[in-house]
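**Q** Below you'll find the structure I mean.
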Amino acid sequence: MPMDTTITAEPPLPLRAWRALRTRGAGYAWHKALRRTSGRWPSWKRRLIYADPRRYWTLRGGADYFREQEGQVARTLRAEWIAGRLAAYRPTSVLEVGCGYGKLLFALRERIEAPLAGLDFSPTQLGCARGFLDGVDGVDLFLGRGDRLPFADGSFDMVVTSAVILHNPPEVADRIRREVVRVARRFAAHNEEMNLSYNRYGYDTAAWYRAEGRRIAEVGPIPVDADAQTSQFCVVRLDG
Ligand SMILES: C[S@@+](CC[C@H](N)C(=O)[O-])C[C@H]1O[C@@H](n2cnc3c(N)ncnc32)[C@H](O)[C@@H]1O
């Protein structure tokens with residue numbers, strides 16, 4: 001049953017807290033409280049609530065997260081900018097690893113007709129994606145891990161990640177990039193910021209590809225991004 005992704009006005013904080021407790025349980029409410037506090041101790045925060053990224057994203061995902069993100073114009077501008085750049089390469093199929101609730105897939109669908117697929121390890125994010133993309137044609141969704149993609153070599157013309165690898169520790173981040181390269185035929189594309197926080201490791205993805213001897217088609221900050229100094233968008237050619 002797809003999650004309801006209709007946007008309504010936010011109720012006051014105590015009501016939101018009560019609803020969170022009632023609908024998603026004490027674990028969710030505790031997690032949310034920790035996320036909003038202990039900002040001065042990022043290493044503790046990482047240990048307490050980010051030790052298991054999949055658990056974090058399962059608790060983080062859902063109607064509240066969807067509302068928060070959709071309430072920020074900057075997020076829409078960024079997704080549209082990225083989708084525009086990806087569409088310029090005319091991919092014949094696209095897989096988004098870590099598709100979240102489907103914002104980038106939605107923006108891509110408006111620009112290209114090729115088959116689209118999204119994969120995420122968070123059932124709550126994927127539940128939202130099913131609601132958000134309900135009625136959008138040609139998008140397949142999969143529950144799975146980015147570091148162990150359930151697809152054969154070269155299954156997609158382009159594989160993209162946006163704000164995903166940066167949420168994973170170095171050894172997992174490395175496996176995700178190798179999986180992206182394995183299942184992509186012509187292009188790997190990434191928006192992976194380089195800043196650090198309790199739930200972000202921050203990577204120079206273009207440097208990783210250069211070290212692998214891959215050809216970078218484009219790299220640079222995302223001009224519409226408020227974090228333009230630390231944002232990095234890159235497209236890598238894998239076909240020679
Ligand atoms: C910040 S959200 C970005 C969502 C989407 N890419 C976008 O730009 O709107 C990060 C998403 O990546 C997913 N994710 C992070 N690490 C992952 C991994 N190793 N495998 C699969 N999904 C992952 C999380 O569950 C979450 O939905």
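**Q** Given the Cα-Cα distance of ARG85 and ARG210 and 0.36 nm per residue of separation, how much length would full extension add, in nm?
**A** 43.0 nm
**Q** Here's something else I'd like to know. Spin-label point model (7 Å from Cα, Cβ direction): what's the ARG182 to GLU113 distance in nm?
**A** 3.4
**Q** Per q in 0.14 1/Å, what log10 I(q)/I(0) does a Debye calculation on the alpha-carbon atoms of the stretch 13-70 return?
**A** -0.39
**Q** In nm, to one decimal, how far is the TRP30 label point from the VAL224 one, both placed 7 Å along Cα→Cβ?
**A** The two pseudo-label positions are separated by 4.0 nm.
**Q** A further question on this structure: Hey, what's the per residue convex hull volume over the C-alpha atoms of the stretch 73-237, in cubic angstrom? Intermediate values should be presented prior to the final figure.
**A** Details: hull volume 17.6 nm³, N = 165.
Each residue corresponds to 107 Å³ of Cα convex hull volume.
**Q** I would also like to ask the following. THR230: net charge of surrounding residues, Cβ under 11 Å, Lys/Arg +1, Asp/Glu -1, itself excluded?
**A** -4
**Q** Still on this structure: ALA217's amide H: which non-local residues (gap 5+, or another chain) put their own amide H closer than 5 Å, with H modeled 1.01 Å from N in plane and none for Pro or chain starts?
**A** Excluding prolines and chain starts, which carry no amide H, the hits are VAL235, VAL236, ARG237.
**Q** Give the percent of DSSP beta bridges with both residues in the chain that are antiparallel, rounded to the nearest 5.
**A** That works out to approximately 35 percent antiparallel.
**Q** Roughly how many nanometres apart are two label points built 7 Å out from the Cα toward the Cβ at SER43 and LEU196?
**A** If labels sit at SER43 and LEU196, their model points lie 1.0 nm apart.
**Q** For the chain, give the percent of accessible area contributed by carbon and sulfur heavy atoms, probe 1.4 Å, rounded to a whole number.
**A** Summing carbon and sulfur atoms, their accessible area is 55 percent of the total for the chain.
**Q** At what distance in angstrom do the alpha carbon centres of the stretch 129-169 and the stretch 193-238 lie from each other?
**A** Computed from Cα coordinates, the inter-centre distance equals 19 Å.
The values are calculated or read from the model by the stated rules, or taken from the named source; none is laboratory data. A quick note: this is a predicted structure, and the numbers were derived from the prediction, not measured. All Cβ positions, even for glycine, are placed from backbone atoms using ideal geometry, and neighbour counts span all protein chains on display. To get the accessible areas, we keep the full protein, side chains included, count just its heavy atoms, and leave off ligands, DNA and RNA. Shrake-Rupley method; radii C 1.70, N 1.55, O 1.52, S 1.80 Å.
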